[in-house]
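To keep things clear, I will list the structure first and then write my remarks on it.
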Amino acid sequence: MSATGVQDAAAGFADRLAERLDGVSYPTIGHFLEDGFLDPAIQSLLDGVKVAGPAVTVRIAGNDAFAMNRALLALHPGAVLVVDMSGDHRHAPVGAVTAAAATAQGAAGVVVDGVATDILELRATGLPVFSRGTSCLTTKRIHHETSAVNVPVMCGGVEVHPGDWVLGDDNGVIVLSPSVLAGVLDQALASDAAEPALLARIAAGEPLESVLPV
């Protein structure tokens with residue numbers, strides 16, 4: 001298969017996976033897996049978001065703002081930018097310009113193991129951004145030799161590889177390899193499909209001991 005054919009096949013797989021994920025409540029995945037869940041301190045800065053897409057990663061060291069620019073150039077439609085701040089939770093690598101550029105590239109969202117800035121402008125773009133909070137202190141126009149794009153990174157205590165699937169909503173963020181996600185998806189869909197009947201039984205006053213497994 002040609003390189004173009006491989007890319008088209010990958011894009012088709014991603015589209016089908018994203019379509020199926022649209023019908024899944026992400027917390028349902030937490031019934032079946034233990035790993036891949038980012039530190040719950042990393043939360044959406046917007047309300048009512050639901051994001052799913054393959055990861056483009058960047059490791060930022062030493063307040064290196066240029067590394068973020070290189071990562072923005074590597075984005076593609078539907079991707080989620082995952083930012084490893086090398087333990088720095090004070091300097092914001094994401095703001096109004098970053099969000100505008102990511103949106104222009106068709107990104108589905110940004111996840112930062114650190115803080116963001118320009119909160120009003122970020123919300124105005126509508127781009128889902130997940131972070132540990134906000135700050136006025138930002139990265140600087142300097143280069144650092146250990147910054148890198150599309151390498152394995154750590155984000156919220158989870159190792160993230162380029163191409164891993166990033167799922168984010170108002171509850172938090174999950175990162176899973178395509179194979180792990182595909183393996184749990186049917187279980188999650190089945191569980192969500194069964195939940196309305198369970199809730200209806202509770203609402204109807206059925207004794208809980210006959211509804212809840214013990």
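The values are calculated or read from the model by the stated rules, or taken from the named source; none is laboratory data. Owing to the predicted nature of the structure, the values given are computational and were not obtained by experimental measurement. Cβ: placed from backbone, ideal geometry, glycine included. Neighbour counts: every protein chain shown.
Data for the structure
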{"quantity": "Any hit, segment 80-98, residues being small (Gly, Ala, Ser), within 24 Å of Gly48 (Cα to Cα) and in contact with a helix residue (DSSP H, G or I) (Cβ under 8 Å, 6 or more places away or on another chain)", "calculated": "yes"}
{"quantity": "Ala108 being within 24 Å of Ala14 (Cβ to Cβ) and either at pLDDT 95 or above or charged (D, E, K, R) (or both)", "calculated": "yes"}
{"quantity": "Residue satisfying all of: in segment 117-133; buried (at least 23 other Cβ atoms within 10 Å of the Cβ) and closer than 19 Å to Val158 by Cα; farthest from the chain's Cα centre (by Cα) among these", "calculated": "Ser131"}
{"quantity": "Ala55 being surrounded by fewer than 24 Cβ atoms within 10 Å (Cβ to Cβ), out of contact with any helix residue (DSSP H, G or I) (no Cβ under 9 Å at 6 or more places or on another chain) and in contact (Cβ under 8 Å) with a residue 60 or more places away in the chain", "calculated": "yes"}
{"quantity": "For Gly205: the one exception among (1) touching a helix residue (DSSP H, G or I) at 6+ places or on another chain (Cβ under 7 Å); (2) of a type outside the set (A, V, I, L, M, F, W, C); (3) without any contact (Cβ under 8 Å) to a residue 60 or more places away in the chain; (4) on the phi > 0 side of the Ramachandran plot", "calculated": "(1)"}
{"quantity": "Top-ranked residue in segment 1-31 [being assigned to a helix (DSSP H, G or I) and within 15 Å of the chain's Cα centre (by Cα); ranked as modelled with the lowest pLDDT]", "calculated": "Ala14"}
{"quantity": "Enumeration of residues in segment 180-192 that are more than 26 Å from Val112 (Cβ to Cβ) and under 17 Å from the mean Cα position of the chain (by Cα)", "calculated": "Ala182, Leu185"}
{"quantity": "Tally, over segment 95-116, of residues that are surrounded by fewer than 24 Cβ atoms within 10 Å (Cβ to Cβ), of a type in the set (Val, Ile, Thr) and closer than 16 Å to Arg141 by Cα", "calculated": "1"}
{"quantity": "Segment 145-171 residues that are at positive phi and among the small types (Gly, Ala, Ser), paired with ones that are modelled with pLDDT under 95 and assigned to a loop (DSSP other than H, G, I, E, B) (beta carbon under 8 Å, 6 or more apart)", "calculated": "none"}
{"quantity": "Which numbered condition Thr125 fails, given (1) among the β-branched types (Val, Ile, Thr); (2) under 22 Å from Val58 (Cβ atoms); (3) in contact (Cβ under 8 Å) with a residue 60 or more places away in the chain; (4) out of contact with any Lys or Arg (no Cβ under 6 Å at 6 or more places or on another chain)", "calculated": "(3)"}
{"quantity": "Residue tally, condition β-branched (Val, Ile, Thr) and farther than 29 Å from Leu120 by Cβ, over segment 136-151", "calculated": "2"}
{"quantity": "Answer from Ala79, Ala92 - the residue that is within 17 Å of the chain's Cα centre (by Cα) and either buried (at least 16 other Cβ atoms within 10 Å of the Cβ) or modelled with pLDDT under 95 (or both)", "calculated": "Ala79"}
